[in-house]
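Student: Structure below; questions to follow.
Values in this text are rule-based calculations from the coordinates and carry no lab data. Everything numeric in this text was worked out from a predicted model, so none of it was measured. Here the Cβ is made from the backbone with ideal geometry for all residues, glycine too, and neighbour counts use every protein chain on show.
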Amino acid sequence: MAWNEPGGGKDPWGGNSGGDGPPDLDEALQKLRARMDKIFGGSGGGKGGSGNNNLLAIVLVVLVAGWGLFGFYQVDEKEQAVVLRLGKYLDTVGPGLNWRPLLLDRVFKERVTEERQYSSRGQMLTQDENIVELPLTVQYNINNVKDFVLNVKNPELSLRHATDSALRHVVGSSSLDEVVSTGRGKIAEEVKLRLQQYLDSYGAGILVRKINIQEAKPPSEVKAAYDDVIKAREDQERLINEAQSYSNGIIPEARGKAQRMLEEALAYKEQVVAEAQGETNRFLALLTEYQKAPEVTRQRLYLDAVQDVMSNSSKVLIDVEGGNNMLYLPLDKIIESSASGSSAASGLKGSDVKSIADEVVNRLKRETITSSSRREVR
């Protein structure tokens with residue numbers, strides 16, 4: 001049967017009168033609106049008003065959900081975040097997942113543990129009116145993120161200006177020699193202190209870690225003259241070091257010689273005093289013996305004197321009493337011949353010859369004493 005015949009079962013533009021076709025679209029929309037009204041408390045009024053209310057509710061739900069989701073933000077381990085609510089400082093948050101009311105709060109994140117670096121180079125005037133080109137590097141980090149974000153509009157630009165000001169002030173108070181060679185470490189320390197004072201007065205929230213001043217260079221027009229000055233200064237230091245080394249070597253030696261001479265003089269003094277005291281004691285002891293036996297003591301002194309003289313002589317002349325013959329003993333020749341080996345040929349040694357000579361001298365002494373005694377008897 002055709003669809004347009006009376007009593008037909010299906011109408012493509014109408015509802016399903018038979019109950020076995022697809023559901024009606026209007027009916028499905030009405031059911032959905034009814035459910036939304038139940039959820040959001042919509043009224044059961046007219047169809048158009050209910051539809052507008054439901055659509056507005058959906059839009060609001062979507063907006064609220066998006067506003068809540070987009071309010072989450074992540075702060076890294078090296079960062080800290082400054083939160084402003086309606087332009088006013090609210091809080092400083094650390095690493096982690098955080099949430100903010102979107103469109104109400106603003107978040108500024110900065111790396112606080114990262115060491116930053118800034119390099120500068122420029123020509124400036126020293127205290128002695130010389131131009132020098134001085135490069136330097138500033139190492140710094142953020143120690144107060146709130147001050148860094150809020151107090152200064154452009155903290156890094158302020159850092160550059162403050163660095164130039166501090167450097168020119170310190171270099172302008174130093175001589176060229178200090179800047180070029182000897183005083184760079186001191187200048188770097190003074191620049192660091194002055195730069196930190198400037199930044200603290202600004203409230204920039206920046207902490208200066210280190211100032212590295214590289215090799216200062218004079219202008220290229222006068223570089224040759226500066227090289228000559230540096231070379232002369234190096235020669236001066238070398239000569240001073242050599243003179244100091246010579247001084248360190250000669251002064252202790254002179255002091256040692258002086259000390260040795262003093263000790264020798266002291267030892268000689270003690271020796272002379274001891275010998276004088278010994279001679280005095282010997283003379284006193286001899287005087288006592290002389291007072292007891294003058295003749296014997298006199299004879300003993302004579303013999304001791306002769307012995308001393310004869311022991312230091314290499315030639316001996318002996319006058320025989322009662323005769324014209326004179327006996328000559330060349331002791332030096334005898335000793336020399338014994339040393340050269342002639343005494344070895346005769347079977348005598350140098351010690352034997354010396355003992356013989358001593359025996360001869362002693363015998364002559366005894367004979368002299370005997371003859372003297374006979375003359376006294378007569």
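Student: Grab the Cα-Cα distance for TRP67 and ASP91, subtract it from 0.36 nm times how many residues apart they are, and report the gain in nm with one decimal.
Tutor: 6.6 nm
Student: For LEU266 and GLU189 in the same chain, what is the full-extension length gain: residue separation times 0.36 nm, less their Cα-Cα distance, in nm? Please list the in-between numbers first.
Tutor: Numbers: separation 77, 0.36 × 77 = 27.72 nm, distance 5.82 nm.
Result: 21.9 nm gained on full extension.
Student: Can you check what the net charge comes to around VAL222, using other residues whose Cβ is under 14 Å from the Cβ of VAL222 (Lys, Arg +1; Asp, Glu -1)? Can you show the working numbers first?
Tutor: Details: positive: LYS217, LYS223; negative: ASP128, GLU129, GLU133, GLU221, ASP227, ASP228.
Result for the local shell: -4.
Student: Further question: For the stretch 63-81 and the stretch 84-125, compute the distance between their C-alpha centroids and round to whole Å.
Tutor: 15
Student: At 7 Å along the Cα-to-beta-carbon direction for both ASP200 and ALA224, put a label point, then send me their distance in nm to one decimal.
Tutor: Placing both labels 7 Å beyond Cα along the Cβ direction yields 4.9 nm.
Student: So what are the ³J(HN,Hα) numbers for the stretch 60-69, from phi and the Karplus equation (6.51, -1.76, 1.60; θ = phi - 60°), rounded to whole Hz, Gly and Pro as x?
Tutor: The phi angles translate into 5, 4, 4, 5, 4, 4, x, 4, x, 5 Hz.
Student: While we're on this one: Could you run the Karplus curve 6.51 cos²θ - 1.76 cosθ + 1.60 with θ = phi - 60° over the stretch 119-134 and give me ³J(HN,Hα) per residue in whole Hz, x for Gly and Pro?
Tutor: Once θ is set to phi - 60°, the couplings for the stretch 119-134 become 10, 9, 8, x, 9, 8, 9, 8, 5, 8, 6, 10, 8, 9, 9, 10 Hz.
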